[in-house]
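Below is one structure, written out as structure tokens; the observations come after it.
The values are calculated or read from the model by the stated rules, or taken from the named source; none is laboratory data. Given the structure is predicted, the values throughout are model-derived calculations rather than measurements. Neighbour counts run over all protein chains shown; Cβ positions are idealised from the backbone, glycine included.
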Amino acid sequence: MKKYIIVLALFFILSLPVIAKADNTGEKPEIEQEQSGRQIQNQNQAETENRGEDSQIHKQLQEQEVTETPKEGTKEAGQNRNEEAVIHMSTVATQVQQLQQIGVEGGIGDQVRQIAQEQNQAQTQIQDQLNKLNSKNQLLRLLTGTDFGAVKNLQTQMEQNQLRIKQLQELQTRLTNQSDIDLIQATIQALTDQNTALQDKVNTEEQSVSLFGWLFKLLAR
């Protein structure tokens, strides 16, 4: 009888690690599931926060862009228009110099060089009008508006630019050398861009705020 009791006791002692291991094995999936759930929750929360931060940054950039963009009729807008006009004038001057040295001989070449010479003279007149607009006293500008005479002269120069553009386009169709064609095309594009910049400048000047500008505008016509 004692032997049976001893055997049962030994069997029970030896079975304890197996039972404990089985219990631990049964609990592990629940722990892993709980940890996995927490990780997913943390990841979702992080993604939500990131989306919120991205949206806030995008909003700030938009507000900054609106703040930094000069309004039409302001001093900053006028400065930007003047800078653009100066840049395009420099480009046209470079193209005109190259146009005067075009290698085409005969009638077409002479016409191209004549147009280049006329444009070179026009560039000086355009620069003079821009200088008048930019040098006008701010107090006088507030009272009488912009220099409407200079604005009118710029509009005349833009019309002459457009006329020379049409002449160059017609001559371009009669050329056969590709380098000459490319040179004239580049000059046409430079003149077109200059006219666009000058028109923007004129629009900005005419929209400037003044007390009696409307009167001086009528007198300049």
Flag for L168 being out of contact with any His (no Cβ under 6 Å at 6 or more places or on another chain) and either outside the structural domain of I115 (by TED's automatic domain parsing) or surrounded by 18 or more Cβ atoms within 10 Å (Cβ to Cβ) (or both): yes
Neighbours by Cβ (under 7 Å, 6+ apart or cross-chain): first from the range 108-132, closer than 12 Å to Q97 by Cα; second among the basic types (K, R) and in a helix (DSSP H, G or I): I115/R164; E118/R164; Q119/R164
Odd one out for N161, checked against (1) buried (at least 16 other Cβ atoms within 10 Å of the Cβ); (2) over 27 Å from the mean Cα position of the chain (by Cα): (2)
Restricting the range 99-127 to residues that are under 31 Å from the mean Cα position of the chain (by Cα) and surrounded by 13 or more Cβ atoms within 10 Å (Cβ to Cβ), the residue that is modelled with the lowest pLDDT: L99
Single residue of T94, T67 found to be farther than 23 Å from L175 by Cα, of a type in the set (V, I, T) and either at pLDDT below 85 or part of a helix (DSSP H, G or I) (or both): T67
Boolean, L154 is in contact with a Lys or Arg (Cβ under 8 Å, 6 or more places away or on another chain), within 20 Å of Q97 (Cα to Cα) and in a helix (DSSP H, G or I): no
